[in-house]
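Note sheet for the following structure.
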Amino acid sequence: MFGLFKKQITLVEFGQGIVQLVNEPISSDCSRALGMRFENWDGSNGWSNFLQSRGIPIPTQKLHYRLWVQAAIQASCTQFDEAKRRTITQSAMEAFSEAIPNYDLGSTYNALESAYRGLYNFSPRLAPLSNPGAAINFLPNPHVGVLNAKYLIEAFVFPHMPNSAAFIDEFQSYSSTVCASIGTVSRAISHISKSFKA
């Protein structure tokens, strides 16, 4: 009954609202997840500065962030039907005005959807990795976070990080942080849904 009094918003506005709510905490998760894979890591002067000191330039960090955000939003939206999920994810990512080299929303979306359906062929180094403790049981596929982590390693870490082996060795830590960001997005979705109807 109370839902009758919620303000109606479009799915585009819903997606944009998610990005506004999660930008800061997810940015921290994303940078920390990269930085902690280096020996003697130190985020006290900011993770971005630490990553630059390890040879990871700002444009490369931005690419990781863009992929990370899309994966978190798309995974959280697996609670919705495919049409709604696509619109919310696309709208959220189009809220970023800056074009990022090597980032393509459509191909990233399709690759993640393929992974969620068990159709993505991960490299032999990634395929056997798991993290049973990181199941997200409130989503239809509780393993979306682990699948996101594998995708991020395949699509970003292998081509851009000099210490890519650390992401395999420390997969449970990396994938747990990926899952935490999905939780952040899911809380944002719940927050928006309490006040608005899409």
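The values are calculated or read from the model by the stated rules, or taken from the named source; none is laboratory data. Only a predicted model underlies this, so the values are computations on that prediction, with no experimental measurement involved. Positions of Cβ are backbone-derived with ideal geometry, glycine not excepted, and every protein chain shown enters the neighbour counts.
Scanning segment 187-198 for residues that are in contact (Cβ under 8 Å) with a residue 24 or more places away in the chain, surrounded by 13 or more Cβ atoms within 10 Å (Cβ to Cβ) and more than 12 Å from residue 26 (Cβ to Cβ) yields 189, 191, 192, 196, 197, 198. For segment 1-57, name all the residues that are under 21 Å from residue 72 (Cβ atoms) and among the charged types (D, E, K, R). Within segment 1-57, 13, 24, 29, 32, 37 qualify. Of all residue pairs spaced 6 or more apart or on separate chains, those with beta-carbon atoms under 6 Å, a first member in segment 105-129 that is within 17 Å of residue 140 (Cβ to Cβ) and a second member that is assigned to a loop (DSSP other than H, G, I, E, B) and modelled with pLDDT of 95 or more are 114/120; 116/141.
For (1) among the aliphatic types (A, V, I, L, M); (2) within 25 Å of residue 106 (Cα to Cα); (3) touching a strand residue (DSSP E or B) at 6+ places or on another chain (Cβ under 8 Å), each residue gets a yes or a no:
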{"site": "27", "(1), (2), (3)": "no, yes, no"}
{"site": "34", "(1), (2), (3)": "yes, yes, no"}
{"site": "37", "(1), (2), (3)": "no, no, no"}
{"site": "40", "(1), (2), (3)": "no, no, no"}
{"site": "55", "(1), (2), (3)": "no, no, no"}
{"site": "63", "(1), (2), (3)": "yes, yes, no"}
{"site": "71", "(1), (2), (3)": "yes, yes, no"}
{"site": "80", "(1), (2), (3)": "no, yes, no"}
{"site": "86", "(1), (2), (3)": "no, yes, no"}
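Among the residues of segment 124-146, those identified as of a type in the set (S, T, N, Q) and either surrounded by fewer than 18 Cβ atoms within 10 Å (Cβ to Cβ) or closer than 14 Å to residue 74 by Cβ (or both) are 130, 137, 141.
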